[in-house]
Ligand code: GDP
Ligand code: MG
């Protein structure tokens, strides 16, 4: 999968303290290969990875994140930018507004027409579906069934073989019945052919849609890009609908189509059910392509919350085996600042392990904080002096039990051991890069 390949690419960077020109180039090359394998057009893939490379080299690696993660973030940003940055809405101005649905047979036009009608209806709009697939009687029935299912009227003339006439009559019908949006479902061929292109072109000229959408099956890979180009040359459509994203595909086509035809993707379709429609968000698709979901936002959160200078000091202390309870406490504060504690613990070496077994939410930190705050400054800096009688005093002072204090002492000592071991292994540098 693309995700697996990108994982491999990012692995190249993992464990490296800084991003150097060499490992950036290697990783960028791996990313390019992975993108091409996922049906991203070669030129597009090359452009993206060139940009990613420049960005990665130009950007300072914050100590709070590993280079690999920063690279993921840069890649994500670049992919998002390439897919248009912001989400783009459809134009539904007009009385009635016409939305023309184009695309090859089997791409998902009829299904999407129903989905879009349902979505617009749920926004309180009056919608009319129009069946302009004049070649397949079954297509009319298909739309009628969907219309009934979602409670939207369907206009059809089963005997009429003139799509333009049907569409014009549908507009009249819409005006007469107070419908504000007319969605025109059209016929498609299995491959692009001249008659079909002419037909949809004249249909467009006749009904003057405020929005022409091109529906494309995301599973068709590189073909999807060629088809998009052909349709765009003739129809100059306004937006793309990517269907069948519920399958194996990782969305490589989204990237290529957007940059080859320079038209925004506006919706994605992720199943056969009428609810399976989503507005297209470039950043979410970038995440999907990267297959790394939350990693990216984690990195962002970490960057916001961690103070660089603090972490530099902390790194030094860890390296000198001087990590103490005050540091522990300030790390807890940092973690809390970042929000979703559970997810973030793994970013700090030893921390996740030290707190293992605790069901981690903000509340479970409270006794730990209370215990540390009940220690004297001397005890915090020199945990080894905390003997039995001190533990009793600390437990009483923090309103916890000796057992709880003992547990924390044990966890803290394990954590220090782990840091020490990492320093010894020479893996300290890696820990530093990961550590805030
Ligand atoms: P049309 O010929 O372009 O009108 O395509 P249809 O809307 O009839 O869809 C063709 C087939 O693809 C049908 O079996 C649909 O149920 C299916 N389909 C459409 N959209 C999706 C989707 O997003 N995911 C999946 N899995 N199937 C879809
Ligand atoms: Mg159809």
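For the reader, a short list of remarks on this structure follows.
- Using a simple spin-label model with pseudo-atoms 7 Å out from Cα toward Cβ, residue 42 and residue 279 lie 3.9 nm apart.
- For the Cα trace of segment 118-224, dividing Rg by the Kirkwood Rh returns an Rg/Rh value of 0.97.
- Additional length obtainable on full extension of the chain from residue 161 to residue 319, 0.36 nm per residue less Cα span: 48.9 nm
- Förster-model FRET efficiency, 56 Å R0, residue 326 and residue 223, C-beta, rounded to 0.05: 0.35
- Separation in nanometres of the label points that stand 7 Å from Cα toward Cβ, at residue 25 and residue 418: 3.8
- Taking label positions 7 Å along the Cα-Cβ direction at both residue 135 and residue 149, the computed distance is 2.3 nm, reported to one decimal.
Any read-out appearing in this document is the output of simple, stated calculations on the displayed coordinates, not a laboratory observation. As the structure is a computational prediction, the values presented were derived from the model and not from experiment. In this analysis, Cβ positions are derived from the backbone assuming ideal geometry, glycine residues included, and neighbour counts consider all displayed protein chains.
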